[in-house]
Amino acid sequence: MAYASVVSLAQTLEQLNSRIPAFHDDSSKRSYHQEKLTFLVGKFRHALNEAEDIIELKICEIHERGSLSGIEKASEDLLASLLPLVEKIELIRKELVLSLETCTSHGHDIESADDHFKTRESMLGSPSRSSFNTNAVVGLDDDLEKIIERLLGSSSERKVVAITGMGGIGKTILAKKAYDHRQVRCRFDIHAWVTVSREYGMRRLLLSLVCCIPGMTDKFLEKTEDKLAELLYRRVKDRRYLIVVDDIWSTEVWDNVTRCFPDDNNGSRIILTSRLKDVATYANPDSPLHEMGVLSLDDSWKLLSIKVFEANDLCPSELEVIGKQIAEKCGGLPLAILVVAGHLSKIARRRESWIIVAKTLSSVVANDPDKCLGVLGMSYNYLPNHLKPCFLSMGAFPEDFEIKARTLIQVWVAEGF
């Protein structure tokens, strides 16, 4: 068994080594960032070759020793020898992802900086192109009204509007609806959105914010983190801005980000979303938090039925009872409802099929304290086998990273899919 595992790993490394050039050669260009990618790909390939050499030596030792105890000893030696290399490969992989992120996020391999700004701004500012469509705001009307009222308030001080609640409850959807609201858009001179996530890079956050500001050129890409922070501060100085800091997990991030946004007593606003109340309170000590609650059963069923049957199509009477049971099992979490609705919309509209989903959902929710994570896992389990490896390629990108379709396709090509 140990021998088979070693051989399998050797073959995997050999395949990775042969596929990396396919990804690199397809996107290489004469630019600073592409040269850096070329260098990193070379380091990555060299590390893989080192691992392959170690494995080949251990395979020879296993052949020579023959006995079960000898095989186990060789396997232990192999793990000890590979551990430093695995750590090295992981560090290079993270650096590759960051470099790829810089290229793809700021248009170096696809579009000009101006084109990128237009693409990003239309994505963030246009409800018709946003994944957070109108249907997803069911049950959030009162919340939205309160957030807009605070954003448009008469206070000239810079105000922080903090939205809190458990994962999947709709914090980002609510922030997006407020950010896109017509009156809100007209009120502010500058609009910018940055998603932080649990694992963040300060330089990436600053680049994302700077990229949202009109008139910027790609010269800022070479600037240091401190220079980017200074540049951002100067560009928003004396202008009324609306900044969204989405999915923040630590007070340290808030301290680093907020220093870039001066309080010029002109009515600027910052929307912050976090599932951690202590972080939200730290950023917003002088104003009450906006704590979101789960959807009611009626709103849960309304959202589920709209997503499955669309606005102009009624739910068949034989599915309504089981449909409401499914909606209830989602615990009032919009994300869970949307994921389940996506699955229901693709299967046969038969009561038997929906009963199976209800039973599966009951098991997932009972065994997983994070309902949304469990429901997302269920969605993955329902994927056809030939699509599961493609979905797992998403793990190569950081959390909440905006993945361009062409970039993902290149990764699939590199993996041989």
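Residue check: is GLY332 of a type in the set (Gly, Ala, Ser), surrounded by 13 or more Cβ atoms within 10 Å (Cβ to Cβ) and modelled with pLDDT of 85 or more?
Values: of a type in the set (Gly, Ala, Ser): yes; surrounded by 13 or more Cβ atoms within 10 Å (Cβ to Cβ): yes; modelled with pLDDT of 85 or more: yes.
It is true that GLY332 is of a type in the set (Gly, Ala, Ser), surrounded by 13 or more Cβ atoms within 10 Å (Cβ to Cβ) and modelled with pLDDT of 85 or more.
Restricting attention to the stretch 278-293, does a residue exist that is closer than 26 Å to SER155 by Cα, assigned to a loop (DSSP other than H, G, I, E, B), among the hydroxyl-bearing types (Ser, Thr, Tyr) and in contact (Cβ under 8 Å) with a residue 60 or more places away in the chain? Scanning the stretch 278-293 turns up at least one residue that is closer than 26 Å to SER155 by Cα, assigned to a loop (DSSP other than H, G, I, E, B), among the hydroxyl-bearing types (Ser, Thr, Tyr) and in contact (Cβ under 8 Å) with a residue 60 or more places away in the chain.
When ILE326, ILE356, ILE347, ILE322 are checked against the criterion of being farther than 14 Å from VAL294 by Cβ, β-branched (Val, Ile, Thr) and outside any helix (DSSP H, G or I), ILE347 stands alone in meeting it.
Suppose the filter is under 30 Å from MET202 (Cα atoms) and modelled with pLDDT of 85 or more; does ALA405 pass it? Before you say what the answer is, go through the steps one by one.
Working: under 30 Å from MET202 (Cα atoms): yes; modelled with pLDDT of 85 or more: yes.
It is true that ALA405 is under 30 Å from MET202 (Cα atoms) and modelled with pLDDT of 85 or more.
From the set of residues in the stretch 194-203 that are more than 14 Å from CYS260 (Cα to Cα) and open to solvent by 10 Å² or more (accessible area, probe 1.4 Å), which is nearest to the chain's Cα centre (by Cα)? Spell out the reasoning first.
Kept after step one, since they are more than 14 Å from CYS260 (Cα to Cα), are these residues of the stretch 194-203: 195-201.
Pick out the ones that are also open to solvent by 10 Å² or more (accessible area, probe 1.4 Å) and you get 195, 198-201.
Working: THR195: 8, ARG198: 10, GLU199: 11, TYR200: 11, GLY201: 14 Å.
Ranking the qualifying residues of the stretch 194-203, first place goes to THR195.
Within the stretch 295-319, being closer than 22 Å to GLY331 by Cα, out of contact with any Ser or Thr (no Cβ under 8 Å at 6 or more places or on another chain) and part of a loop (DSSP other than H, G, I, E, B) holds for LEU295, SER296, GLU310.
Please determine, by comparing only the residues of the stretch 269-317 that are over 17 Å from THR164 (Cβ atoms) and β-branched (Val, Ile, Thr), which one is surrounded by the fewest Cβ atoms within 10 Å (Cβ to Cβ). So the residue we want is ILE306.
Farther than 30 Å from GLY168 by Cα, in a helix (DSSP H, G or I) and over 23 Å from the mean Cα position of the chain (by Cα): which single residue out of ARG234, ARG185 fits that description?
Values: ARG185 fails: farther than 30 Å from GLY168 by Cα.
Result of the check over ARG234, ARG185: ARG234.
Of the residues screened, GLY215 is not one that is at pLDDT below 85, surrounded by 20 or more Cβ atoms within 10 Å (Cβ to Cβ) and not in a helix (DSSP H, G or I).
Sub-9 Å Cβ pairs linking a first residue in the stretch 257-276 that is farther than 16 Å from ALA229 by Cβ and of a type in the set (Val, Ile, Thr) to a second residue that is in a loop (DSSP other than H, G, I, E, B) and open to solvent by 10 Å² or more (accessible area, probe 1.4 Å), at least 6 apart or interchain, are THR273/GLY165; THR273/ASP247, ordered by first then second residue.
Of the residues making up the stretch 237-252, just one is assigned to a helix (DSSP H, G or I) and either of a type in the set (S, T, N, Q) or surrounded by 22 or more Cβ atoms within 10 Å (Cβ to Cβ) (or both), namely THR251.
The values are calculated or read from the model by the stated rules, or taken from the named source; none is laboratory data. Predicted model, so just to flag it, every value in this text is computed and none were measured. All Cβ positions, glycine included, derive from the backbone under ideal geometry; neighbour counts span all protein chains shown. Just the protein is used for accessible areas: all its heavy atoms, side chains included, with ligands, DNA and RNA removed. Shrake-Rupley method; radii C 1.70, N 1.55, O 1.52, S 1.80 Å.
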